[in-house]
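One structure is given below, encoded as structure tokens.
The values are calculated or read from the model by the stated rules, or taken from the named source; none is laboratory data. Bear in mind the structure is a predicted one, so any value in this text is a computation, not a measurement. Counting neighbours? That spans all protein chains shown, and the Cβs are built from the backbone with ideal geometry, glycine included. What goes into the accessible areas is simple: the full protein's heavy atoms, side chains included, and nothing from ligands, DNA or RNA. Shrake-Rupley method; radii C 1.70, N 1.55, O 1.52, S 1.80 Å.
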Amino acid sequence: MSTTAATDASAGPGSVVHLEGVSLSYGKTRALDAITLDLPSGCMVGLIGPDGVGKSSLLALIAGAREIQEGHVHVLGGDMASSRHRRMVCPDIAFMPQGLGKNLYPTLSVFENIDFFGRLFGHRKAERTRRIAGLLRDTGLTPFADRPAAKLSGGMKQKLGLCCALIHDPELLILDEPTTGVDPLSRRQFWELIASIRGCRPGMSVIVSTAYMEEAAQFDFLIAMNAGRVLATGTPASLKSQTGTDTLDEAFIRLLPEADRGSHTGVVIPPRSGDQDEVAIEADHLSRRFNGFVAVDDVSFRINKGEIFGFLGSNGCGKTTTMKMLTGLLPVSEGSARLFGKVIDAGDMSVRRRIGYMSQGFSLYSELTVVQNLDLHARLFELPAETIPARIDEMITRFDLADVADALPDALPLGLRQRLSLAVAMIHGPDILILDEPTSGVDPVARDRFWQILAELACKDNVTIFVSTHFMNEAERCDRISLMHAGKVLTSDTPAAIVAAHGAATLEQAFIACLEQAGADAADETSQPAATSPEPAATAAPRRMRSARFNPTRMFAYSRRETLELRRDPIRATLAVLGSVLLLFVLGYGISMDVENLTFAVLDRDDSAISRDYSLQIAGSRYFTEKPPITDYADLDRRMRAGEIGLAIELPPGFGRDVSHGRHVEIGAWVDGANPTRAETLRSYTQAIHATWLAQKGRELYGETAMAGTFQLAMRYRYNPDVRSVVAMAPGIIPLLLIMIPAVLAALAVVREKELGSIVNFYVTPVTRLEFLLGTQLPYVVLAFGNFLLLVAFALAVFGVPFTGGFPTYALAALLYVTATTAMGLVISAFMKSQIAALFGTVLITLIPAIQYSGLIDPVSSLQGAGRLIGLIYPTSHFVTISRGAFSKGLGFDTLHNDLLALAVTIPVLLAAGALLLKKQAR
């Protein structure tokens, strides 16, 4: 790594950042505690410390991405608490958040990602093209301009993130752990690129947080942090001088409070005895493919029992895949893997019991305490119940967890969580431990303690340890290491032998030399030449884009990006295009008010001609289907309980005689009341048939004069003469689908950005709330209107629903309606933090009022109180009226203009609410 020489930056011309009494809390957790600090301008400032000490929070406050809770943050001469100042300095600040590619969009190509950021900063097409060409050339990414970001490895993602950050020539560049998880060669190239950019822009200030002390040693000015406080500041040389140490790792440990440092001693790895030659793990030409992609390519190595074997390589090189094949979690595509001479079978639990596996991320149960996690995993590995308490006590003692035995994992510091994970991996007494980057983000003291435990396990218990790491000082503690890149093992030997074989001074230099010698730099991103100094023409700072509050270019940048992501996401695209049509098909046929083919049977205790005629009267109706006669009450109860009949008619003895003589006759009608609506319909139909039969018999017995006073009510139906449910249901279901799916998609679009972290691009760029919302909404309005056309075509062609109104009016109403429903999704997204919550929340919030209060079931005019108020203002109520009127009643603009006006008014109200609720900073 080459950067400018470290100098005493505190003597610089001024401060780029001034912090005074800055504190920040997440609930009860204090992330930053009364920090007062000046960061010198025009140099490279480093924040050092493990995960969780407040580095990312501090950088987010400086970048304007997080709201200030306490204290004052002044950046580039202004107060970041002022929204006006944040707007003004946005073009002068670039923020690259923590996490590989966290500010990138996976489905967009390299070029499209940079182009998106160029649009956000208002650059015109020619300017964007020139800048992008220069950045791709300077970073060596030109050959990969069309490659999706998701298919880039760690080094390429970080370079792409840097390109996106530099598209607008910032004065202040903020990098939050930019090289975490990146291999040494890519790390070196990254810092050479930063150095060359700084050489071209000598006034640019750079603030970096890092967990790699060898990187921090090259910075101009350092800030050591722990537990939300500043431990010390100064140049790397001054920090080592203050503490009387030779390395920054040692200096940081000395700076820690005594309570955190404890009785820290260096890690001592006892030498292995030479008689341990039993092979514990053997990979023989091991390969693994995923849909044609070769993740692991012909890997072979042997690990002896009791050996600590290190696995080094960049993210995505195949380390985790290899480890999962060795644990039986993934099947092998080619070759074989053996544990103690036995071929690993993914379904063989006896092999898995000999392995303890600690995954890259924390994977224990956060709702269980330390003891409960240990107990659960002991039972999962089927330890004898009587031995479990003693084994748990042994693990708690060995890994020093007694003080936190009843605590929940989320409340533990990262170092303790890692010890807990190791204790869980060891609970069943495995012969082999496979640890995937177990100390990532852990402070040096906890890291040393963790490695001392590993050394004791290997030496005293003869446990074989297979560990992957990005820390070269950890790799030097291993008995042997393998260097892996692009799915292949480049070399396997002792650290000292690898260093000697490449004539290097350090293991990191040997690793880089190994990559270059193997020709890895010709295979993918590591092949790129060291970054050249950017040409002044490509990077000279032009006029700053101090844009107005609303800029269509920025709005359409989000629309274009959202459209590209939709096109390349088959699941979302399918849900958006076909989901509503499928639901219309299901609901159109599944929800029907038509009551036909009602099953009935007769318990005829008279068996006369008149009783049989009564039965035939019911059977002759198109609404009823007759079943075999009932024999007795037990048969009636059994058949109705089984759902075979819904109506049972009981005709008493002497029924025909009594009817003929005009005597009072009582007929029994038993109705299945499990479905009240259907039961009421059955009762009404039966009473109507009964009345018809009585009238008919009266005429037969007494002549027409006996019925002279009767009259008939002639019923005629308008708009739906056949009284078919589908004619009413299809126009009613279309509004339901056009509120549910578009609102869900719009809400997910915003919440997905929150969940993935790319929402930070909205926080730190000049994009306004309205630009972000309208830009995100526009593709879903177009998509929803296309869905509307599909639904109408489906209703006409498949259901045969007649359309009698004016289609232009109906289409205008649909456009207004889907604009309102997508805006409703944007409002809901302000309250949601996860996509699952957004999905279920949006469905419930939109559908319940749409079904209950929109007039779909009961007219709005019949509702009372709050229900009526909701019905009057809810957009679905107006569109249900328009939809049914356009389909069945032949209504047009002259009749529906009030409902159209109501929909039009709803849109700005919802968008204004969404803009007010959407925060421009994280809280």
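Things to note:
- Packing, taken as the mean count of other beta carbons within 10 Å per residue, orders the peptides 759-767, 654-662 from highest to lowest as 759-767, 654-662.
- Spin-label pair C200-K833: with each label point 7 Å from Cα along the Cα-Cβ axis, the two points sit 4.1 nm from one another.
- Across the range 767-923, Cα pairs under 8 Å and at least six residues apart give a relative contact order of 35 percent.
- Spin-label pair N462/A504, simplified geometry with 7 Å Cα→Cβ offset, distance in nm: 3.4
- Average accessible area per residue (Å²) across the range 612-678 - probe 1.4 Å, nucleic acids and ligands excluded: 61
- Stokes-Einstein diffusion coefficient of the range 759-809, Kirkwood radius over Cα pairs, 4 °C, 1.567 mPa s, in µm²/s: 93
- Over the range 765-839, the ratio between the Cα radius of gyration and 2.2 N^0.38 Å evaluates to 1.40.
- Peptides 164-175, 684-695, 790-801, ordered by how many other C-beta atoms sit within 10 Å of their residues on average, highest first, read 164-175, 790-801, 684-695.
- A simple count of charges around I667, restricted to other residues whose Cβ falls under 12 Å of its Cβ and scoring Lys, Arg +1 and Asp, Glu -1, yields -4.
- Sulfur and carbon atoms: percent of accessible area, the chain [1.4 Å]: 56
- Förster radius 56 Å - calculated FRET efficiency between R354 and A81 (Cβ-Cβ, nearest 0.05): 0.45
- Summarising the overall dimensions of the chain from its C-alpha atoms, the Rg and Dmax are 37.1, 124 angstrom.
- When peptides 110-116, 870-876, 627-633, 389-395 are ranked by their average number of other Cβ atoms within 10 Å per residue, the highest-first order is 110-116, 870-876, 389-395, 627-633.
- Taking the chain and dividing mean pair separation by its residue count, relative contact order in percent (alpha carbons under 8 Å, at least six apart): 12
- Average projection, convex hull of the Cα set of the range 334-407: 6.8 square nanometres.
- Estimated Rh, the range 53-184: Kirkwood, alpha-carbon pairs, angstrom: 15.5
- Estimated translational D of the range 32-117 in µm²/s (Stokes, Kirkwood radius over Cα pairs; 10 °C; 1.306 mPa s): 106
- Bridges between two residues of the chain, per DSSP, are antiparallel at a rate of about 50%.
- Relative contact order %, the range 327-448, counting alpha carbon pairs below 8 Å whose residues are six or more apart: 34
- Alpha-carbon Debye profile of the range 563-674, log10 I(q)/I(0) at 0.14, 0.16 Å⁻¹: -0.68, -0.80
- MRE, 222 nm, helices only [DSSP H, n ≥ 4, -39500 (n - 2.57), over the chain, to nearest 500]: -14500 deg cm²/dmol
- FRET E, pair L694, V798, Förster distance 30 Å, beta-carbon r, rounded to 0.05: 0.10
- Cross-link pairs exceeding 21 Å in C-alpha to C-alpha distance, out of K125/K151; K159/K754; K159/K488; K102/K488; K102/K919; K754/K920, comprise K125/K151; K159/K754; K159/K488; K102/K488.
- Label point distance in nm, E680-R30, each placed 7 Å from Cα along Cα→Cβ: 6.4
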